[in-house]
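Read-outs throughout are calculated quantities, based only on the coordinates presented, and are distinct from any laboratory measurement. These numbers come from a predicted model, not from an experiment. Here the Cβ is made from the backbone with ideal geometry for all residues, glycine too, and neighbour counts use every protein chain on show.
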Amino acid sequence: MKFTQSLKKNFQFGFVYNKGKSVANRFLVVYVVKNKKDQTQNRLGITVSKKVGKSVVRSRVTRLIKESYRLSEHRLKKGYDIVVIARVNAKDASYHDIDRALCGLLKKQDLFLNIEK
């Protein structure tokens with residue numbers, strides 16, 4: 001991910017959960033809050049709980065979310081902390097389902113730049 005750092009610490013996730021705005025669909029939940037420190041890039045955190053499946057399934061879902069985000073990050077506004085939570089239905093989803101779900105939620109959060117192609 002070229003323009004994005006990872007959220008790693010528990011307090012960073014907690015801040016986004018407490019202060020952020022959330023939207024959800026059947027595969028994902030996305031929390032977003034404006035980043036006060038670094039306005040030049042986004043920070044992304046991905047959470048996949050054990051309810052989703054064993055480690056192989058959780059890793060697959062994480063990879064699908066990362067790839068979907070990576071391919072659309074050049075179209076996103078900068079300066080936000082984003083946490084993506086996978087729901088149980090995500091374990092059976094294809095890449096296109098996850099991509100559609102993530103892009104739809106980011107669009108609901110108004111994170112896409114208004115660039116005409």
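For the residue pairs 37/91; 8/77; 54/107; 8/78, alpha carbon separations beyond 28 Å are given by 37/91; 54/107.
Helices in the chain, meaning DSSP H runs of at least 4 residues, each add -39500 (n - 2.57). Divided by all residues, the mean residue ellipticity at 222 nm is -11500 deg cm²/dmol.
Taking every DSSP beta bridge with both residues inside the chain, roughly what % is antiparallel (nearest 5)? Intermediate results must be reported in sequence, preceding the final value.
Details: 12 of 21 bridges.
Percent antiparallel among DSSP bridges in the chain is about 55.
Dipole size of the chain about its Cα centre, with +1 on Lys/Arg Cβ and -1 on Asp/Glu Cβ: approximately 340 debye, rounded to the nearest 20. The HN-Hα couplings worked out from phi for segment 86-98 by the Karplus form 6.51 cos²θ - 1.76 cosθ + 1.60 (θ = phi - 60°) are 7, 8, 4, 5, 5, 5, 9, 7, 7, 4, 5, 5, 5 Hz, whole numbers, x standing for Gly and Pro. A dipole drawn for the chain from +1 and -1 charges on Cβ atoms has a positive end, and of 88, 13, 111 the residue lying farthest that way is 13.
Largest first and in whole Å, what are the equivalent-ellipsoid semi-axes of the chain based on the Cα gyration tensor, each being the root of 5 times an eigenvalue?
Values: eigenvalues 92, 57, 31 Å².
Listed largest to smallest, the semi-axes of the chain are 21, 17, 12 Å.
In this structure the amide hydrogen of residue 80, modeled in the peptide plane, comes within under 5 Å of the amide hydrogens of 35, 42, 43, none closer than 5 places in sequence on its chain.
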